[in-house]
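The values are calculated or read from the model by the stated rules, or taken from the named source; none is laboratory data. All figures in this text were calculated on a predicted structure; none of them were measured in a lab. For neighbour counting, all protein chains shown are included, and Cβ atoms are generated from backbone atoms with ideal geometry for every residue, glycine included. Accessible surface areas use protein heavy atoms only, side chains included; no ligands, DNA or RNA. Shrake-Rupley method; radii C 1.70, N 1.55, O 1.52, S 1.80 Å.
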Amino acid sequence: FYDTMVLGSDGNTFAVGGDDGLVQIGQVEPLKILKDLSGNQKDVMELAWSPNMKYLAASSFDSHALVYEVSSGEIIHQTKRVGMADGFYLKDNGEVLVAGTVSMPNYKDDYHIVLELPSGKEYKNEIPFSVNQVTFSSDGKLFTAGGYSGELAVLETESGRVLLRLGE
């Protein structure tokens, strides 16, 4: 079964991820699968293309995110963190912003992490609600975080500064 799908910027190429950990690249017209990308051990839950479609990021329930160079199918980066990434923004040069959530054991200390890869830059931004969805603006400068409680926030990607918060 497929868990997620993302259409590329060309409007014809897509990527799908399934519960077997496999990522497949395909085309809409004519409909066919072009390539399989492996490396995830569990369900693939989130996918994102770079704007130029040279890179694809995939997050899975095995608590890491993989970044593929699409033409070769090679994994060029793998995160070493705990938790599943909920959203991505990939730059054309292969640098990747990955946003995700990590639930701490007592669930009172949920926090939102943003990692910039492969540079290794990491910061955590304390958001006082458990985040279950992240999306990036088309230029990657802003992202939104949505919570299980119905709360929403808009943040600057570079600084992590909260610009807007709704549902407090």
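Identify, please: which residue in segment 54-74 is of a type outside the set (S, T, N, Q) and more than 15 Å from the chain's Cα centre (by Cα) and is, among those, nearest to residue 10 (Cα to Cα)? Selected residue: 54.
Is there a residue in segment 9-19 that is hydroxyl-bearing (Ser, Thr, Tyr) and open to solvent by 60 Å² or more (accessible area, probe 1.4 Å)? Give the derivation first.
Taking segment 9-19 and keeping what is hydroxyl-bearing (Ser, Thr, Tyr), we get 9, 13.
Keeping just the survivors that are open to solvent by 60 Å² or more (accessible area, probe 1.4 Å) gives 9.
Yes, segment 9-19 contains at least one residue that is hydroxyl-bearing (Ser, Thr, Tyr) and open to solvent by 60 Å² or more (accessible area, probe 1.4 Å).
Exactly one residue among 106, 93, 40 is under 17 Å from residue 4 (Cα atoms), in a loop (DSSP other than H, G, I, E, B) and at pLDDT below 85, and that residue is 40. Please indicate, with yes or no, whether at least one residue in segment 50-57 is surrounded by fewer than 17 Cβ atoms within 10 Å (Cβ to Cβ), at pLDDT 85 or above, under 21 Å from residue 137 (Cβ atoms) and polar (S, T, N, Q). Yes, because at least one residue in segment 50-57 is surrounded by fewer than 17 Cβ atoms within 10 Å (Cβ to Cβ), at pLDDT 85 or above, under 21 Å from residue 137 (Cβ atoms) and polar (S, T, N, Q).
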